[in-house]
There are 2 protein chains.
Amino acid sequence: MGRQAVTIRDVAREAKVSVATVSRALNGHSNVAEPVRRQVLEVARRLRYSPHGAARSLSSRSTQTIGVVLPDLHGEFFSELIRGIDAVARARGRRLLLSSYHGDPDEQGAALRAMRGRVDGLLVMSPYGDRPGFLAENLPQLLPVVLINTHQPEPAWPALEIDNHAGAVAMVEHLLALGHRRIAFIGGPAHNHDARERLRGFRDAIAAHPGAVGEEYPGEFDEASGHRAGRAILASGTRPDAVFAANDMMALGCLYAFVQAGVRVPGDIALAGFDDIPLARFVHPSLTTMRVSIAALGERALARLLEQIEAGADGAETAGAAAGAAQVMVPELVVRESSGREAARAQARRGRPGKGRE
Amino acid sequence: MGRQAVTIRDVAREAKVSVATVSRALNGHSNVAEPVRRQVLEVARRLRYSPHGAARSLSSRSTQTIGVVLPDLHGEFFSELIRGIDAVARARGRRLLLSSYHGDPDEQGAALRAMRGRVDGLLVMSPYGDRPGFLAENLPQLLPVVLINTHQPEPAWPALEIDNHAGAVAMVEHLLALGHRRIAFIGGPAHNHDARERLRGFRDAIAAHPGAVGEEYPGEFDEASGHRAGRAILASGTRPDAVFAANDMMALGCLYAFVQAGVRVPGDIALAGFDDIPLARFVHPSLTTMRVSIAALGERALARLLEQIEAGADGAETAGAAAGAAQVMVPELVVRESSGREAARAQARRGRPGKGRE
DNA sequence: CTGAAAGCGCTTACAG
DNA sequence: CTGAAAGCGCTTACAG
């Protein structure tokens, strides 16, 4: 005692039955006599026995664990995504094995390969979906996979993603409807798929409206780059009517720059973001943005993965069959003060947007 | 092929060596002839072989995985904590097996027991440390453990925690130094250890200063309860000079209530929070608060756990020995606008607080 | 340097 | 309903 962990053999010896019977009793199989079952459970409790996870996984070929491989584990987006995944995992009695790789493709490859024999399925978000062969080479064979916000040139795995293009178009149309004509866009990282799609939506929407004028400023999805962009916008010769930042963090950084310069939002210049992070409604003025339910994205991704896992042991085959086009989630316009007070009121009166959490 | 995963036997057969040699080659043991090693690696690569995690763990008695059991996985606090843990885990080549239990003690017990045979050590945060026997009964025996922000009546495991009491005292003293006399405190959940310690600090600091007057309002650590408390404070007969919310989220909710009521901060009433969440510096006015480096807490907790793990296989013994008093991390006062503009300037001029990220 | 064999702690047909 | 035995896929003394 004290040195060696208690195993199923200890329980069997103490309960005077075979390990097979202990296993069956503990796993709730029906073919165990009731008094025997009780005896086993009682001994297991008394010895504080817990089954050895690796041993159980190895022999049962099931881990009750879901692998989650993400670019990062912290920050608003991943936190919400994990919340959604966690909610479903808990409800379905699954554990979560998380890995992050911080932008290193090799590390992501290693993380994916390390999942073999540890999980029953994989939720993966990768910016490298575009690289030929990357996913095929790094995703464990035979393991059900659902991709999240990961662009696949040719869909080979089931996937869920946010329709960033549609969201950006909706925001530009909102700004135009408020009478703003010259609109500055603060973009995200060039290699980021969300950022690219939002940029594409911005350009398409501007191009579709004669009279609309677009300008673009670079950004990195963080406050600091939003702040820099805000200063650059103020320093530019002609001040735009509105600024559309590709995410809320940059919009906040930009707002901060405007506040520092004494420029009033939305009086002097309108402002909008993307994501609807919790802070968006707390800043002053509150921020007009596109609401993306990240948690719902996580929930649906795991739900879909569990369908595959439960559909049968024929992992890859099922996955291949279920692939097809990515399932798309469309963001919702949330009108608040920053895009133009009067118009916001007018829209609110008509009872349209922003009826959610406001 | 296609149906069966490739195992070490497939690699051995293909490379014309024994499985033992494959294992040694793949694990970088030195006792493998160079040409043989190359051949094995080449075959493994070609077959896209990855070792089976459970099998490897079972036979090597090591998982390279750290179990993390937290009340919740999302939200600012846990997100930051996980960030710190993740940073160290990545640097040291460890994976993270996460479990949340959302306030259900039975579920936490189950999560803890399920870790056996899946992890090499455990990072645990639990509000049930006070219940007699809870930790002793639920923590897997023989597994190194470090507790985070978990109160133990009699220290039995190594632990790290935030010194919330000292933080609250420091904040009250700051408010008093600014000339505020009547101070309202918005508390957190009654069963929450952090909340209780902050409340205790508030009371002690008020009691230590003749002339200071304290009032208390209930809260739940979320924006909504801060908002309610803010309204209750305005509705009360005598308006306090300052409000000290036990966390930033409530401070923001309170601020929102004040803004709605046309009450100016800090002109009409000063406001302070606790935690220094990222938004704290973006709201208007920016929020005076206590900075708690949650990420550092996570980093240090895992670093300490790894020390134990690497110290030897004698898990519980080492753990017991290393226990002693909890290692304490003291929050830092960050003075911004909300606690009183003039005073903040004055302090800034003296070059004291808030020199961090500002 | 290499291989045959035992063993990690379970689960699960297979007999009875 | 129960047990003896094989097997899950690895690692690691033990011999040589």
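The values are calculated or read from the model by the stated rules, or taken from the named source; none is laboratory data. Keep in mind the model is a prediction, meaning the values are calculated, not measured. Cβ: placed from backbone, ideal geometry, glycine included. Neighbour counts: every protein chain shown. Heads up: the accessible areas ignore ligands, DNA and RNA and are worked out on the full protein's heavy atoms, side chains in. Shrake-Rupley method; radii C 1.70, N 1.55, O 1.52, S 1.80 Å.
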Legend entry - For chain A, convex hull volume per residue from C-alpha positions, Å³: 181 Å³
Inset, instruction - Please identify, among B:SER339, B:SER60, B:SER18, the residue showing maximal mean-square fluctuation in a Gaussian network model of chain B using a 10 angstrom Cα cutoff. - result: B:SER18
Legend entry - Mean separation of Cα contacts under 8 Å, 6 or more apart, over the residue count of segment A:8-51: relative contact order %: 40 percent
Inset, instruction - For segment A:8-51, give the magnitude of the charge dipole about the Cα centre (Cβ charges: +1 Lys/Arg, -1 Asp/Glu; no others), in debye to the nearest 20. - result: 80 debye
Inset, instruction - Using a Gaussian network model of chain A whose springs link C-alpha atoms within less than 10 Å, name the residue from A:VAL43, A:VAL169, A:VAL259 with the highest mean-square fluctuation. - result: A:VAL43
Inset, instruction - Lys and Arg at +1, Asp and Glu at -1: add these up for the other residues within a Cβ distance under 14 Å of B:ARG203 and post the number. - result: -2
Inset, instruction - Can you check how the C-alpha radius of gyration of segment A:8-51 compares to 2.2 N^0.38 Å, as a plain ratio? - result: 0.95
Inset, instruction - Considering only B:THR21, B:THR238, B:THR63, give the residue with the highest GNM mean-square fluctuation for chain B, with springs between Cα atoms whenever their separation is below 10 Å. - result: B:THR21
Legend entry - Extension gain from A:ASP106 to A:ARG38, taking 0.36 nm per residue of separation minus the Cα-Cα distance: 19.4 nm
Legend entry - Between 0 and 90°, nearest 10: helix B:164-177 axis offset from chain B longest Cα axis: 30 degrees
Inset, instruction - Determine the per residue accessible area of the protein assembly as shown with all protein chains present and a 1.4 angstrom probe, expressed in square angstrom. - result: 43 Å²
Inset, instruction - Roll a 1.4 Å probe over the protein heavy atoms and report the accessible area of B:VAL17 in Å², nearest 10. - result: 40 Å²
Legend entry - Folded to 0 to 90 degrees: helix B:248-261 orientation relative to chain B principal axis, Cα: 40 degrees
Legend entry - Orientation-averaged projected area, Cα convex hull of segment B:53-106 (nm²): 4.6 nm²
Legend entry - Cα long-axis angle, helix B:76-91 against chain B (0 to 90 degrees, to the nearest 10): 30 degrees
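In chain B, what percentage of the DSSP-assigned beta bridges are antiparallel, given to the nearest 5?
The answer is about 10 percent antiparallel.
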Inset, instruction - Just give the residues from segment A:32-68 buried by at least 50 square angstrom of accessible area in the all-chains context relative to the isolated chain, probe 1.4 Å, and say none if nothing qualifies. - result: A:ARG48, A:SER50, A:HIS52, A:ALA54, A:LEU58
Inset, instruction - Please compute the Cα-Cα pair-distance distribution of segment B:112-156 with 5 Å bins starting at 0, giving whole percents from short to long. - result: 5, 23, 36, 24, 10, 3
Legend entry - segment A:53-210 - charge dipole about Cα centre, Lys and Arg +1 at Cβ, Asp and Glu -1, debye rounded to 20: 460 debye
Legend entry - Cα→Cβ-extended label distance, 7 Å offset, between A:ARG92 and B:GLU307, nm: 4.1 nm
Legend entry - Per-pair calculated FRET efficiency, R0 = 56 Å: A:GLU215 and B:VAL330 via Cβ, rounded to 0.05: 0.75
Inset, instruction - At q = 0.16, 0.24 Å⁻¹, what is the base-10 log of I(q)/I(0) for segment A:192-250 according to the Debye formula with one equal point scatterer per Cα and no solvent? Please give it to two decimals. - result: -0.53, -1.08
Inset, instruction - Could you list the square roots of 5 times each eigenvalue of the Cα gyration tensor of segment A:1-116, that is, the equivalent ellipsoid semi-axes, sorted largest first and rounded to whole Å? - result: 38, 16, 13
Legend entry - Approximate shape of segment B:83-177 as ellipsoid semi-axes (Cα gyration tensor, √5λ), whole Å, largest first: 28, 19, 12
Legend entry - Overall dimensions of segment B:249-301 as given by Cα atoms, namely Rg and Dmax in Å: 13.1, 44
Legend entry - Exam field: A:VAL259 pseudo-label spacings to other copies (7 Å along Cα-Cβ), nanometres: 0.8
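Once A and B are treated as a pair rather than alone, how much accessible area drops out, both sides summed, in Å² to 100, probe 1.4 Å?
Working: alone 17980 and 17980 Å², together 30640 Å².
For A against B, buried area totals roughly 5300 Å².
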Inset, instruction - Can you send over the carbon and sulfur percentage of the accessible area for the protein assembly as shown, probe radius 1.4 Å, protein chains only? - result: 51 percent
Legend entry - For B:ALA212, net neighbour charge (Lys/Arg +1, Asp/Glu -1) across residues whose Cβ lies under 9 Å away: +2
Legend entry - At least 50 Å² accessible surface lost relative to isolated chain, residues of segment B:76-92 (1.4 Å probe): B:SER79, B:ASP86, B:ARG90
Legend entry - For B:ARG182, residues with placed amide H under 5 Å, excluding near neighbours: B:VAL213, B:ASP241, B:ALA242
Inset, instruction - First obtain the Kirkwood hydrodynamic radius of the protein assembly as shown from its Cα pairs, then insert it into the Stokes-Einstein equation at 37 °C and 0.692 mPa s, and state the resulting D in µm² per second as a whole number. - result: 117 µm²/s
